[in-house]
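Structure first, then comments.
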Amino acid sequence: MSTGGLGVHGLTGQLLTVARLGDLDELTALLTRLLGRTAPHRHLYDLVLRELVAIVARALRERAGADGDEEGVFVVDVFDDEDTTVPIDDVQPALRAVLRAVLASLNDDPADAGFQLGLVAGDPDPLARLDAALHVLLWADVLSGGPD
């Protein structure tokens, strides 16, 4: 599967498709094209993250039944593998920023969501950017429950 001339939506869809298929080799190839100093699609990384965050926020709103008539705020609790609460500041910075971007999107704060995703995209550690991308991709896959 090649990215060819796909735009952001096409590339995001491709990432979701290969994740759903469990094709780790193709997922690795696609992510490799988004990460790193010489990656051919590195200029799309931030935009792909934004689209995945939008998918996650949309799915969470649907699950919460948010119809816009009620005022409320979305919050999150973070737990480790042993169900112990983890302070948000103990979460790896790029992953924390993605989580905060989802919350900002849910709470109708696109400026903060963009700021948080800019932090992720600007992280000098490619493994941190990979971790953030994999997490939001997994969230989008699980929460959207199938192809868009």
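The values are calculated or read from the model by the stated rules, or taken from the named source; none is laboratory data. All values derive from a computational prediction rather than experimental measurement. A quick note on method: Cβ atoms are made from the backbone with ideal geometry, for glycine too, and the neighbour counts reach across all protein chains shown.
If you go through the stretch 98-112, how many residues are surrounded by 23 or more Cβ atoms within 10 Å (Cβ to Cβ) and either small (Gly, Ala, Ser) or at positive phi (or both)?
2
Every residue in the stretch 1-46 that is assigned to a helix (DSSP H, G or I) and β-branched (Val, Ile, Thr), please. Working first, answer last.
So the first thing to find is which residues in the stretch 1-46 are assigned to a helix (DSSP H, G or I), and the list is 8-21, 24-34, 42-46.
Listed by number, the residues that qualify are Val8, Thr12, Thr17, Val18, Thr28, Thr32.
Could you look through the stretch 1-56, keep only residues that are on the phi < 0 side of the Ramachandran plot, of a type in the set (Gly, Ala, Ser) and more than 15 Å from the chain's Cα centre (by Cα), and pick out the one that is modelled with the lowest pLDDT?
Restricting to residues being on the phi < 0 side of the Ramachandran plot, of a type in the set (Gly, Ala, Ser) and more than 15 Å from the chain's Cα centre (by Cα), the top hit is Ser2.
Can you tell me which residue in the stretch 117-144 is surrounded by the fewest Cβ atoms within 10 Å (Cβ to Cβ), limited to those that are farther than 21 Å from Arg20 by Cα and small (Gly, Ala, Ser)?
Gly122
Output yes when any residue across the stretch 97-117 is in contact with a strand residue (DSSP E or B) (Cβ under 9 Å, 6 or more places away or on another chain), farther than 20 Å from Thr12 by Cβ and either among the aliphatic types (A, V, I, L, M) or part of a helix (DSSP H, G or I) (or both), and no when none is.
If we filter the stretch 97-117 for residues that are in contact with a strand residue (DSSP E or B) (Cβ under 9 Å, 6 or more places away or on another chain), which is where we start, we get none.
No, every residue in the stretch 97-117 fails to be in contact with a strand residue (DSSP E or B) (Cβ under 9 Å, 6 or more places away or on another chain), farther than 20 Å from Thr12 by Cβ and either among the aliphatic types (A, V, I, L, M) or part of a helix (DSSP H, G or I) (or both).
Of all residues in the stretch 93-114, count the ones that are over 14 Å from Val48 (Cα atoms) and either touching a residue at least 40 places away in the same chain (Cβ under 8 Å) or touching a Lys or Arg at 6+ places or on another chain (Cβ under 9 Å) (or both).
Looking only at that region, the number is 5.
Checking Pro147 against (1) modelled with pLDDT under 95; (2) buried (at least 17 other Cβ atoms within 10 Å of the Cβ), which test does it fail?
(2)
Which one of the conditions (1) over 18 Å from Val142 (Cβ atoms); (2) surrounded by fewer than 19 Cβ atoms within 10 Å (Cβ to Cβ); (3) of a type in the set (A, V, I, L, M) does Leu44 fail to meet, given that it meets all the rest?
That leaves (2) as the condition not met.
How about the stretch 1-28: which of its residues are of a type in the set (A, V, I, L, M) and either in contact with a Pro (Cβ under 6 Å, 6 or more places away or on another chain) or touching a residue at least 12 places away in the same chain (Cβ under 8 Å) (or both)?
Met1, Val8, Leu11, Leu15, Leu16, Val18, Ala19, Leu27
Among (1) surrounded by fewer than 16 Cβ atoms within 10 Å (Cβ to Cβ); (2) aliphatic (A, V, I, L, M); (3) assigned to a helix (DSSP H, G or I), which single condition is Leu49 missing?
Every condition holds for Leu49 apart from (1).
Read through the list (1) of a type in the set (D, E, K, R); (2) modelled with pLDDT under 90; (3) assigned to a loop (DSSP other than H, G, I, E, B), then give the number of the only condition that Arg61 fails.
Only one criterion in (1) of a type in the set (D, E, K, R); (2) modelled with pLDDT under 90; (3) assigned to a loop (DSSP other than H, G, I, E, B) is unmet by Arg61, namely (3).
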